[in-house]
Amino acid sequence: MKHLTRHYRKIGYWFIRASLVFAFIWLFFIPGFIRADFSEDNIYYITLNGENVGIASSKEQAYEYLREARRLLQLDNSELVLARADLEVTGDHVVWQKMDDSDAVINKMKAVLQKNEKGTLSRCYTIKINDFCVNVASKEEVLQILNAALDKYDFDDEFEATLILDPDREVNVLTTEVVSSVDNYFEVSGSISEFKSYGIAEYLDEVFMEDADFSSDEMDFADYDLGVKTLDFGDKVEVVEAYLPESELTDLAVAIEEVTKDQETNQIYEVQQGDTLGTIAAEYNLTIEDLIAMNPTIENENSIIRIEDEIIVTVPEPELTVVRTELEYIEEDYQAEVQYVDNDSWYTTKTVVLQEPSDGRHNAIVLNYYENDKEVAQDTIKEEVIYEAVAKIVERGTIVPPTYIKPISGGRLSSGFGYRSRPTAGASSYHKGVDWATPVGTAVMASSGGVVSRAGWGSGYGYVIYIDHPDGRQTRYGHLSKILVSVGDHVSQGQKIALSGNTGVSTGAHLHFEILINGVQVNPLNYLY
């Protein structure tokens, strides 16, 4: 029994001794194994883009591995690399687990990233012109595009586009500066920006006409150095460095075409005296159908347009506008400005030509201001008149003529002006006005200001009102149910003068309205505003 007890004691002694040795080895010689800790997660499985890539001892270590894998991937490339990296780190607690070698995990991560590359980001330059943008591969290509826009007008290859830091921006944004090696008669540095803020006429007067180095009296025509004097861009150009996939870069030839080729651009045209839809369409190389399609307010080719109406037209323009001043010699016929003689007793619609014009002939040095191919201003620097032009002299009225408005609100146009089938016995087959169907009692207003010359019963008209207007015209309002004015009354435009009705020769409740010029009825719809 004593022998057995000593045997157990000996076994216990060796067990304790072996445990201590094992613990020593655990602590100092096997750091690659996880130590037991049941209080929290002590092991983390790493999945990258759905692939298992190893085990880490903490979430922070897993993310450090990913950052190092990205760094190593970028070292293999000269440009920025995009790669999908969906990292999942799942925690667990275990008693015994061998840890993965960090280099092995990082290399597995790098391999997964390489398989999931979205593409290399190339360094490039983005050109922004108003709302237009294009991406090109290099700064050299940017300059080639800008100079291609200038080359169309740089006939002697004397100007060059350069890039400078935009002084108006706090970040590193480049903008353009056009430099010239040409010595001009005029000091024109910064001229285009001043031109745009100053106004064309004022700029020409102050910069060109008052230049201290220039005197037209002392120079002959042959002394002038003709040609382009200034050249610049009329639009703000911004250039920024960027990193983009190569697929988003535009080929140089395509980019040049996009920037310099004329594009159809909508602009507003203000209707002038004498304009028609046909003349406006012809001026902008459009058809009347084109104008109708672009302008919802124009219903058809017979629609009325008035002075100062605004109409949408399309104009071919490049994305990048080039502006220039050009000194030119001309020899041509010219016209003198029309001279007007005002007559305060006439309406503005009346004019009489007192003297017919005739062209003159002159030689001149002129400074023209262009936007692309369009001449927008001209100033004469030197002129030699061969024979004088004779001015056209026109006498014109100064009194604004009265206007005419529709005499009721609403109503349905039930009968137009001109020939028609007789609507009822006793009615005329030639309708001398227009009818608007409207309920009895609708307010009738004076179409224009004037004096009531008749108010009462008028045979076929029923109850009727005549108003004489200052321009010699007369308006008539028929088939009324009630008259609210008397002969001799002065009425203003829009004043309520009667109520509509169904009196006289009438087929239903309506207002009959006429306008007479020199005693003859005309179509009222041509005169209403």
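Couple of notes before you dig in:
- Cut-off under 5 Å, modelled amide H: who pairs with residue 431 long-range: 418, 419, 420
- Which listed pairs, of 406/432; 59/98; 139/229; 139/374; 229/392, have C-alpha distances above 25 Å, in listed order: 139/229; 139/374; 229/392
- Across the stretch 228-240, computed HN-Hα scalar couplings (Karplus, 6.51 cos²θ - 1.76 cosθ + 1.60, θ = phi - 60°) run 6, 9, 9, 8, 7, 9, x, 10, 6, 10, 10, 10, 10 Hz from first to last residue, x flagging Gly and Pro.
- Cα centroid separation - the stretch 255-301 against the stretch 452-529, whole Å: 41 Å
- Distance between modelled label sites at residue 486 and residue 336, nm, 7 Å Cα→Cβ extension: 5.8 nm
- Here r is the Cβ-Cβ distance between residue 130 and residue 328 and R0 is 41 Å; the resulting FRET efficiency, rounded to 0.05, is 0.85.
- At full extension, residue 179 and residue 114 could sit 18.7 nm farther apart than now, given 0.36 nm per residue minus the alpha carbon distance.
- Label point 7 Å beyond Cα of residue 172 along Cβ direction - residues of the stretch 241-283 with amide nitrogen under 17 Å: 241-244
- Packing order of peptides 242-248, 135-141, highest average first: 135-141, 242-248 (average count of other Cβ atoms within 10 Å over each peptide's residues).
- Computed extension gain for residue 351 through residue 308, at 0.36 nm per residue and net of the alpha carbon distance, reaches 13.5 nm.
- At full extension, residue 263 and residue 246 could sit 3.5 nm farther apart than now, given 0.36 nm per residue minus the alpha carbon distance.
- Global form of the stretch 322-399, assessed from the alpha-carbon gyration tensor, a/c cut-off 1.5: oblate
- Modelled spin-label separation between residue 84 and residue 468, with each label point placed 7 Å from Cα along the Cα-to-Cβ direction: 9.1 nm.
- The label-point distance for residue 493 and residue 58, in a model that sets each label 7 Å from Cα toward Cβ, rounds to 8.6 nm.
- Listed from fewest to most Cβ neighbours within 10 Å, the set 451, 322 follows the order 451, 322.
Just so you know, all these numbers are worked out from the coordinates, no wet-lab data involved. Keep in mind that what you see is a predicted model, and the values were worked out from it rather than measured. Quick reminder, even Gly has a Cβ in these numbers, built from the backbone with ideal geometry, and neighbours come from all protein chains shown.
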